[in-house]
Amino acid sequence: FAGFGMANKEISSVALNFGRDAETKAFMGLKQCEGESDQLQILQSVKNFVIGSVMSKNHFMQLGLLPVLKDIMSKSTTDEILIQLADCVASLSLPTLPPDSENFRIEPNLSLSHDPMDTSTSAVPIPTEEQNAYEMFKQGFHTLLFQLVPNKNTCLLKSVVRALTNLFSASCAPKDIVEDNILKVSALLNHEDELVVYYTAQFLARVCSSRFLPASTVLPFVPQESSIDLPTSTRLPKDILESQSALMPLRKIQSILLPDALRILLHLLKERPISKLSQCAALDAISQITFDNSDSAEIVLDSDATSAISVFIEFVKQSENVLLQFYACYCIANLIRAQDLSENLLKAIRLLVIPTLLRISHTERNDSHGIMMKEVAPLVLARLIEKHSNLQQTVVETGLLTNATAFLSGLESPTLYRALANRLLLLASSCSLYIGGRQILAGSLSVVRSLLTHSSSFVRAAACRVVQSLSRSLKQLRTSLVDSQVVEPLFALLSDSSPDVKLNASAAICNLVLAFSASKDEIIKSGGWKKLIPLLQSSCVELRCNILWALRNMIYATEGAVKREILTEMGAKSWELLFSDDHVDIQIQTMVLVRNVVCKDSVLLLEEPASIGYHLDIRKILLDKLAVGRTEMTRQCLFVICNICSEFNYKSFGMDEEILGYIRKSLTHPEECIRHVAVLCLINLTWVSLDNETVSRKRTLKELGFEEILLSLKPKESGRLLEQINTCLSQFTTSFPFNTTDVNMDMVD
């Protein structure tokens, strides 16, 4: 072209048109030809066009290539043609644009058991760079590929499994894959050809990938062994955490691969001589199969006499391959979350694993592996240290939090939004238990606050996690949060389009409305509960739980007028839905909310007519829940009764025949925590009241045998419970002067 005196721009234009014409000609030839030799030749040309060229892929997609490829694939039995077809699928299924996490189109949810075009199914966002993969899933290319496994032709197997791997690397991949299809592919781990093994391990890692899970799932801030009564705890109950809907598809696929595929992968690493590339693939697959799965972790830890963790640590220590080190660290992090730390293991993590992950997080590699490691390494480290204050301290002592602003900089490109989000999660995890970390990170609050309004939902959710960590326990830090003006953007995020952002924002708000939080008054004055209460009817159980927790913290030690406004806003329908919730934990949290309401303000629920605009039959609710016999629900019901009976005007509530029956039954309950609250109820019932019925109540209680039961318990109990029994027995025989020091058992910090 240059010989004709054309400028560079004109040359590019002509070359481009020439290329498009050739592609169009190839497409028309493929569409019209019938002979296998012609098909094979044209398919090779199409493959050469699309490999490495986004423009060619887009052009062929616009021409309508997929139906033509599908028709040939469904009919052909010639291995050479099928290889070319699989290679075309492998190339076309790769992202066609630089990843842009906020550039979506909304499509019906893909499901192999339903019509993917059925608009009645729930809609999901499809990143624009995955449009080709999405179209191939809709047209069933994955099903056609699965039908080619197993196969005697090794070259065909490589192409097919590589195509499946690329397809299932997309976030839009269907999760309800037929079990037999996964098992057919996983069986190839025993194949004699190492490249087949390599591609198979890659496929298994992609088909159960955790990469696209939301922040609240990948870093759940697991519950500690603490009482439900502690108002500072904003962690979801264990039962709800283990049944998170986002984890269910992953759990299903992991279960299919247990134990056989996992054991073969371990064997590959320990026994079979394979290349570092295949070792990386095997470790990648193990890291995904063991992701938050105690069953798979147990298999790895019990695989043989040689500790699997020791093998992984050797990979980190001896290997010069950064990718191999990264995947080994990922496996270690998963296993650490499933077992207790020995002193030697703790030392290895501090001196080896944590520095390695921090170094990888700052990698300057810009290839696909480098971008992936830069994105995921901070999250792996965040998960590694999440349960351990001493490991968090190790990370903080590296200076990470001191230089938090620099750590979060340089990630403005949309391709790095997930890397930015994961770095925020690492900051959040670094101070979730270690108080010293919170004091340092508070200095970067202005940066965190700005990220609450970031264009990426991943970043907004992660920024909320940082606020949640910073607001967990230190009063002065909550004052800093008020000064940094995080309250308003957090409440705005309760209306965010992303469910995960709502969930993480609500978790942070739980901490900001604690009784000793400087932000609580600000939130109450602005009527913050009005944004919380509508979310009690959310279909997301995790969100309902967080909102309940926020309301109970808000009501704790709050004046009666505020409680009345909150109860009025809730309405009778909210209580009905909460007490009939499918999740028992929600019902229990609701009873804790009632417990806080009636602390010193029983009048709000017991007076007639009700000042809150409706009548809540608290007696019936208590009797219904006590009848079920669940330990924690029984304990909370008894606390409600205890709080009501602590007020002079409402001691008669506890003298109800049926309620007394449950108090009596609870005195001999096998759980000490139940016996303890039952005794507290009796302490309040035997204390002085304004109705001059104290003597009568004690007489009735004696006649019903309560004093006798306490006497029989006395030799068997010890500690705090024994003290309470002695107090109650003393009150049975004491005449009281007027006093107002009843036992109010609202939540204590």
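Rounded to two decimals, the Cα radius of gyration of the stretch 309-457 over 2.2 N^0.38 Å is 1.02.
In the calculated pair distance distribution of the stretch 375-502, what percentage of Cα-Cα distances lie above 17 Å? Tail fraction, whole percent: 53. Amide H contacts of residue 126 (H built 1.01 Å from N, in plane; Pro and chain starts excluded): 105, 106, 107 sit under 5 Å, all sequence-distant by 5 or more or on other chains.
Using R0 = 51 Å, the C-beta based FRET efficiency linking residue 77 and residue 398 works out to 0.30. Inter-label distance, residue 359 to residue 36: 5.4 nm, where each label sits 7 Å from its Cα along the C-beta direction.
For the chain, the relative contact order works out to 7 percent when only alpha carbon pairs closer than 8 Å and six or more residues apart are counted.
With 20 Å as the limit, write out which pairs from 387/502; 138/252; 138/184; 317/347; 625/714; 252/276 have Cα-Cα distances beyond it, or answer none. Mind showing how you got there, number by number?
Details: 387/502 24 Å; 138/252 22 Å; 138/184 22 Å; 317/347 13 Å; 625/714 29 Å; 252/276 29 Å.
Going by Cα-Cα distance, 387/502; 138/252; 138/184; 625/714; 252/276 fall outside the 20 Å limit.
Tell me the net charge near residue 537. Cut-off is 10 Å between Cβ atoms, residue 537 excluded, with +1 for each Lys or Arg and -1 for each Asp or Glu. Charge balance near residue 537 sits at +2. As an equivalent ellipsoid, the chain spans semi-axes of 59, 27, 26 angstrom, where each value is the square root of five times an eigenvalue of the C-alpha gyration tensor, largest first. In order along the stretch 663-678, the Karplus-derived 3J(HN,Hα) couplings, from 6.51 cos²θ - 1.76 cosθ + 1.60 at θ = phi - 60°, round to 5, 4, 4, 6, 5, 10, 5, x, 8, 4, 4, 6, 4, 4, 6, 4 Hz, and Gly and Pro are given as x.
Starting from the Kirkwood Rh over alpha-carbon pairs, what translational D in µm² s⁻¹ does the stretch 256-378 have by Stokes-Einstein at 25 °C and 0.890 mPa s?
Approximately 168 µm²/s, per Stokes-Einstein.
Distant-in-sequence amide contacts of residue 471, defined by a placed amide H-H separation under 5 Å and a gap of 5 or more residues or a different chain, comprise nothing.
On full extension of the chain, what length is gained from residue 22 through residue 718, given 0.36 nm per residue of separation minus the C-alpha to C-alpha distance?
Length gained, residue 22 through residue 718: 241.7 nm.
What is the sum of charges, Lys and Arg at +1 and Asp and Glu at -1, for the other residues whose Cβ falls under 12 Å from the Cβ of residue 53? After counting each charged neighbour, the total is +2.
Whenever you get a sec, line up 372, 55 from highest to lowest accessible area (probe 1.4 Å, protein heavy atoms). The partial results should precede the final answer.
Values: 372 40, 55 110 Å².
Largest accessible area first, the residues go 55, 372.
What is the distance, in nm, between label points placed 7 Å from the Cα along the Cα-to-Cβ direction at residue 367 and at residue 533? Going from the residue 367 label point to the residue 533 one covers 5.9 nm. What number comes out for accessible area per residue over the stretch 282-355 if the probe is 1.4 Å? Units Å², please. About 39 Å² of surface per residue is accessible. Taking the chain as the reference, fit the longest principal axis to its C-alpha atoms, fit the long axis of helix 694-703 to the helix C-alpha atoms, and give the angle between the two in degrees, 0 to 90, nearest 10. The angle comes out at about 70 degrees.
Sorting 458, 648 on solvent-accessible area from highest to lowest, probe radius 1.4 Å, gives 458, 648. Backbone geometry of the stretch 644-656 corresponds, through the Karplus equation with coefficients 6.51, -1.76 and 1.60 at θ = phi - 60°, to 3J(HN,Hα) couplings of 5, 6, 6, 8, 4, 7, 10, 5, 5, 4, x, 8, 4 Hz, x marking Gly and Pro. Restricting the stretch 161-226 to GluC sites (Glu not before Pro) that sit in a DSSP loop and have at most 15 other Cβ atoms within 10 Å of their own Cβ leaves 192, 225. Here the simple spin-label model places points 7 Å from the Cα toward Cβ, and for residue 155 and residue 352 these points are separated by 4.3 nm.
Compared with the direct C-alpha span, the chain from residue 615 to residue 339 gains 94.4 nm at full extension, assuming 0.36 nm per residue.
How big is the gap, in Å, between the Cα center of the stretch 510-544 and the Cα center of the stretch 401-441? Answer, in whole Å: 25. The 3J(HN,Hα) values that the Karplus relation (6.51, -1.76, 1.60; θ = phi - 60°) gives for the stretch 325-335 are, in residue order, 4, 4, 5, 5, 4, 4, 4, 4, 4, 5, 6 Hz. Gly and Pro appear as x. Summing charges over neighbours of residue 612, with a neighbour being any other residue whose Cβ is under 14 Å away from its Cβ, gives -3 when K and R count +1 and D and E count -1. In loop segments of the stretch 510-576 as defined by DSSP, the GluC sites (Glu not before Pro) with at most 14 further C-beta atoms inside 10 Å of their C-beta are 559. Translational diffusion of the stretch 506-654 was estimated from the Stokes-Einstein equation, with Rh taken as the Kirkwood radius over Cα pairs; at 4 °C and 1.567 mPa s the coefficient is 84 µm²/s.
The values are calculated or read from the model by the stated rules, or taken from the named source; none is laboratory data. Here the structure is a predicted model, which means the values were calculated and not measured. Quick reminder, even Gly has a Cβ in these numbers, built from the backbone with ideal geometry, and neighbours come from all protein chains shown. Just so you know, the surface numbers come from the protein's heavy atoms only, side chains and all, with ligands and any DNA or RNA stripped out. Shrake-Rupley method; radii C 1.70, N 1.55, O 1.52, S 1.80 Å.
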